[in-house]
Amino acid sequence: MTPEKRKENSEKILAEKGISFLAGLPMTEPAGEITLKSFDAVCRRAVAALLCTQVAIELNEDHTEEAGRFFNLIKHFDVSDNLNAKESKLFNGEASRQDVIDIVWEYECCWALFWALGLVDDITDASSICDCIQSIRFVSQCEGLDDFKSRCSLRSADDILDMLDLYYRYHWAVVQHDNIDPACSAGDLNSEVVFERRRGLEWLISDTEDWHDISLDT
């Protein structure tokens, strides 16, 4: 699909949902000009991030014993070398309160990756948080990383760019509505959900390894 057609399709979805859009927003790159993260890298990032969100949730509620169980699962799935900076600080007991909160929100980044891996059918609805229980099941029902990978299939660059283009325009709408012009309609979009899922989608095509270092300008 061409970037022009992709933009046209996104704007059609926005119009159907009653969400404002700016016709002059840039288009995403053609599929031939981007490099997707490898299947192995996406699987490892999804598992590592999901387990870290569980650690963060347990620590946030002072459940240190439960947090320890998820630390052990990070080792069991062999993804301790696939943590980003905030997750590494969590793993090493050095995370700040804000780091913990940021990692909890990675649930939505994971949901975008689970979609990219074919485990979730559709994420065009960004009105509410993801199915956290199902997110946990995607990993907890697996014996290890290889088992998880056997259940996944990475979507095409075109499919991922289609969704990223839509979320880019979702993001513009919520930023405008929340910070600049309340008359700009964001429909029923949840701004945090949009922000974090876009982060996950952007990571898929970025040469940046830590998704907290990716610029999410609109």
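FYI, it's all coordinate maths here, none of it is from the lab. These numbers were taken from a predicted model, which means no experiment stands behind them. With ideal geometry, Cβ positions are generated from the backbone for all residues, glycine too; neighbour counts draw on all protein chains shown.
Remarks
- Within the same chain, lysines fewer than 8 places from K37 are excluded, and of the rest, those with a Cα less than 28 Å from its Cα are K5, K7, K75, K86, K89, K149.
- Of H63, H177, the sequence from fewest to most neighbouring Cβ atoms within 10 angstrom is H63, H177.
- The chain: relative contact order as a whole-number percent, Cα under 8 Å and 6+ apart: 29
- Taking amide hydrogens as placed 1.01 Å from N in the peptide plane, the amide H of C184 sits under 5 Å from that of no residue at least 5 positions away in sequence or on another chain.
- Highest-fluctuation residue, R44, R151, R197 considered, GNM on the chain with Cα pairs under 10 Å: R151
- Percent RCO, i.e. relative contact order, over the stretch 39-150, from Cα pairs under 8 Å lying at least 6 residues apart: 34
- For the stretch 128-142, backbone phi angles converted through the Karplus equation (6.51, -1.76, 1.60; θ = phi - 60°) give residue-by-residue couplings of 8, 5, 5, 7, 4, 5, 5, 4, 5, 5, 3, 9, 5, 7, 9 Hz, Gly and Pro being listed as x.
- Net charge dipole, the chain: roughly 260 debye, given to the nearest 20, about the Cα centre with Cβ charges of +1 for Lys and Arg and -1 for Asp and Glu.
- Tensor-based shape of the stretch 141-218 (alpha-carbon gyration tensor, a/c under 1.5 rounded, otherwise prolate or oblate): prolate
- Fewest-first ranking of K86, K12, using other Cβ atoms within 10 Å as the exposure measure: K12, K86
- Comparing N92, N84, N190 in a Gaussian network model of the chain (Cα springs below 10 Å), the most mobile by mean-square fluctuation is N92.
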